[in-house]
1. Spot the failing condition for Y310; the list is (1) out of contact with any Gly (no Cβ under 8 Å at 6 or more places or on another chain); (2) open to solvent by 10 Å² or more (accessible area, probe 1.4 Å); (3) not small (G, A, S), and only one is missed.
2. Kindly evaluate A349 against the criterion of being open to solvent by less than 40 Å² (accessible area, probe 1.4 Å) and either at pLDDT 85 or above or more than 29 Å from G389 (Cα to Cα) (or both).
3. Looking at the stretch 257-264, is at least one residue part of a loop (DSSP other than H, G, I, E, B), surrounded by 20 or more Cβ atoms within 10 Å (Cβ to Cβ) and modelled with pLDDT under 80?
4. Contact list please: Cβ distance under 8 Å, first residue in the stretch 33-46 and in contact (Cβ under 8 Å) with a residue 60 or more places away in the chain, second residue outside any loop (DSSP other than H, G, I, E, B), pairs at least six apart or on different chains.
5. Tally up the residues in the stretch 313-346 that are over 24 Å from R240 (Cβ atoms), surrounded by 20 or more Cβ atoms within 10 Å (Cβ to Cβ) and free of Cβ contacts under 8 Å to residues at least 60 places away in the same chain, please.
6. When the stretch 72-116 is examined, which residues are found to be among the aliphatic types (A, V, I, L, M), out of contact with any helix residue (DSSP H, G or I) (no Cβ under 8 Å at 6 or more places or on another chain) and part of a loop (DSSP other than H, G, I, E, B)?
Amino acid sequence: MSGTSMNNAHGALGVEDTLKDFWATRPRRPRRGRKVAGVAAAIGNRYGMDPLVVRVAFVVATFYSGAGLLFYLLGWLFLAEEGDEASPAEALHGKGRSSTSTPFTIALCIALIPAFGVFFDRTLSGWLGLAVVFGLLFLLHRGRGHLGAPPAPTSADAPTVAMATPVDEHGQRTTPPAWDPLGAAPFAWDLPEPGGSGPDPEPPAPRGRSRVGVITLAAVFLTVGAAVLAEPYLGWVSARHVIGVVLAILGLGLVAGSFVRGGRGLIGLAMPLAALGIALTLVWPNGFSTNSIGDLRQQPTALEHVQPEYQRDIGSIDLDFTVLPASGSVKTRAQVDVGDVTVVVPRNADVTVRCAAGIGSVSCLGQEADGPSPDVTRTDDLGPDGAGGLKLDLDLEVTGPGSVEVRRG
């Protein structure tokens, strides 16, 4: 599908269709008006933008673990120059001719090694910077892909197959019409040529495309960009936090789209992001752990039955301490990577508790917080009877998305 047809199509395109169209009509690096390789000028010319804006975007993205430099080198390798049959990378594999020499193409490939080395340093800014660059280019193609696209073939480009109709000196045909299977003389018939019944009827007007998906994606990339800028100043920002926020935005977009029959393409983005969020929680950076997956519910009746630690990778932990003895002390920790922690404490127990979550909500003995990294600590909450009796020291945490709740029974 060409850029023009994509812009005129009112049905919502999926991510895969947009990427295929981008590759088929990808920008070509100009020979004039470029500063280095012409990648920024190619993008600007392709989408009707000032190349200076694109250059500034590359420079800004370079400050985030070299994402801008990495993307520029990839554009140099995979965007063909004007007049070339293929890009340098494609020409290296024998898929066409490129004016970029083979030794220089190999040198560009070698230059990617340190660029990738700087980028893959496990810092959040590099990944988010590259995601923002790709995301903005994706939205740019969705909104302006019809600008600067290769023109559609015209009738002059097609081979001529029709021949002039022979006529005599009086302007009468000397050959039978195309519809005459018997080849009878044309002067013996007085019938019109077929197909002259008038213009084709106008097709029904297509229904307008919902903008829920585009608005949701714009909100996602604005959020990611804000996280990139805030990461040096906020120590709690991590990839898991950002993925959680992005999934929440995508969820809102899907809900809104259900009312206007739009935004279904967001599902294709939400599902791999959810899988990535789980992988980051369980696998990266400390390797895969399989403590357990599922729900854990316990109601210990004696102090010695309380474990020093409760843990789940994915699931929930529900602890009911209301039947413990009225005196003594207990210290325990409960942690879930993705899920919920709920603890019910005796009405008159003296409680010291910390409730924290990577992203979500906490309700800690009446004090609540939500959003990214909510954290509430209650020290010496003595209950309605004052000091004395059972003492509980609790450390409750959901490291990823989820909720923590502590209440009195």
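The values are calculated or read from the model by the stated rules, or taken from the named source; none is laboratory data. All figures in this text were calculated on a predicted structure; none of them were measured in a lab. Heads up, the Cβs are rebuilt from the backbone with ideal geometry, glycines too, and the neighbour counts pull from every protein chain shown. For accessibility, only protein heavy atoms count, side chains too; no ligands or nucleic acids. Shrake-Rupley method; radii C 1.70, N 1.55, O 1.52, S 1.80 Å.
1. Of everything listed in (1) out of contact with any Gly (no Cβ under 8 Å at 6 or more places or on another chain); (2) open to solvent by 10 Å² or more (accessible area, probe 1.4 Å); (3) not small (G, A, S), Y310 misses just condition (2).
2. yes
3. Taking every residue of the stretch 257-264 in turn, at least one turns out to be part of a loop (DSSP other than H, G, I, E, B), surrounded by 20 or more Cβ atoms within 10 Å (Cβ to Cβ) and modelled with pLDDT under 80.
4. These pairs meet every condition: I43/P51; I43/V54; I43/G75; I43/L137; I43/L140; N45/P51.
5. Total meeting the criteria: 1.
6. The answer is A86, and nothing else.
Conditions tested, residue by residue: (1) free of Cβ contacts under 8 Å to residues at least 24 places away in the same chain; (2) surrounded by fewer than 18 Cβ atoms within 10 Å (Cβ to Cβ); (3) over 15 Å from A37 (Cα atoms).
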site	(1), (2), (3)
D50	yes, yes, yes
G68	no, no, no
F71	no, no, no
W76	no, no, no
P88	yes, no, no
L92	yes, yes, yes
